[in-house]
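Novice: What follows is a single structure, and I will ask about it in a moment.
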C-alpha cells in the first residue's frame with residue numbers, strides 16, 4: 001500500500017485513519033479539508049483545488065489522502081492513481097455521533113488539520129448533509145469504486161471493529 005484514498009461521510013474518522021496509516025506506513029498524508037478550506041471557512045475555487053492536487057499527486061509517489069470532493073476533476077485522478085481505496089460506510093447514526101463527538105472535543109477551537117479561523121462547530125446545514133449522505137453519496141461512492149474492484153485493493157468497512165481489526169493486522 002503506497003497510494004491510499006479514504007472516502008466516507010463526515011464523522012467516520014477519515015482524517016484520523018489517514019494520519020495513522022501515514023505514520024504506520026511511512027506515507028505522505030494529505031487531508032483534503034486542509035487544502036479546500038482557507039481562513040474563516042472560505043474555500044478555494046475548483047481550478048486552484050485541481051491545480052494543487054495535480055501538483056501534489058505529481059510530486060509525491062507515496063501518499064494517503066482522506067476526503068471525498070467527488071465533484072472535482074482530481075477525484076477520478078486520485079482513484080486512478082491509488083492502489084488502495086477505503087470506504088468507511090458506518091451508517092448515518094455513527095456519522096452523526098462522530099461529528100457531535102468531534103464538535104465537543106474541539107468546541108471553539110481550530111483542529112490542527114484545518115486552516116486558521118475554521119472553528120469547529122455544527123449547524124443545521126451540516127447536520128442535514130451528514131444525515132443525507134448515506135441515502136445518496138454512499139451509494140454513489142460504492143458505484144464508483146465498484147469499477148476499481150478488480151484493479152485495486154478496495155476495502156469497505158461497515159463498522160469500526162472491522163476497521164480496527166484490519167488496521168491492527170498491518
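Novice: By how many nm would the segment from residue 124 to residue 107 grow when fully extended, if each residue of separation counts as 0.36 nm and the alpha-carbon distance is taken off?
Specialist: 4.5 nm
Novice: Regarding the chain, what's the average projected area of the Cα-atom convex hull, expressed in nm²?
Specialist: For the chain, averaging the hull's shadow over all directions gives 9.5 nm².
Novice: Each label point is 7 Å from the Cα along the Cα-to-Cβ direction; what then is the distance between the points at residue 80 and residue 44, in nm?
Specialist: Distance between the two pseudo-spin positions: 2.0 nm.
Novice: Using a Förster distance of 30 angstrom, determine the FRET efficiency expected from the C-beta separation of residue 146 and residue 2, and round it to 0.05.
Specialist: So the FRET efficiency works out to roughly 0.85.
Novice: Follow-up. Give me 133, 126, 75 sorted ascending by neighbouring Cβ count inside 10 Å, so fewest comes first. Each step should come with its number before you reach the end.
Specialist: On the way: 133 23, 126 14, 75 19.
The fewest-first ordering by Cβ neighbours comes to 126, 75, 133.
Novice: Going by the alpha-carbon gyration tensor, a ≥ b ≥ c the square roots of its eigenvalues, is region 91-170 rounded (a/c under 1.5) or, if a/c is not under 1.5, prolate (a/b greater than b/c) versus oblate?
Specialist: prolate
Every number in this text was worked out from the coordinates using simple rules, so none of it is lab data. Because the structure is predicted, anything quoted here is derived from the model rather than measured. Virtual Cβ from ideal backbone geometry, glycine too; neighbours counted across all protein chains shown.
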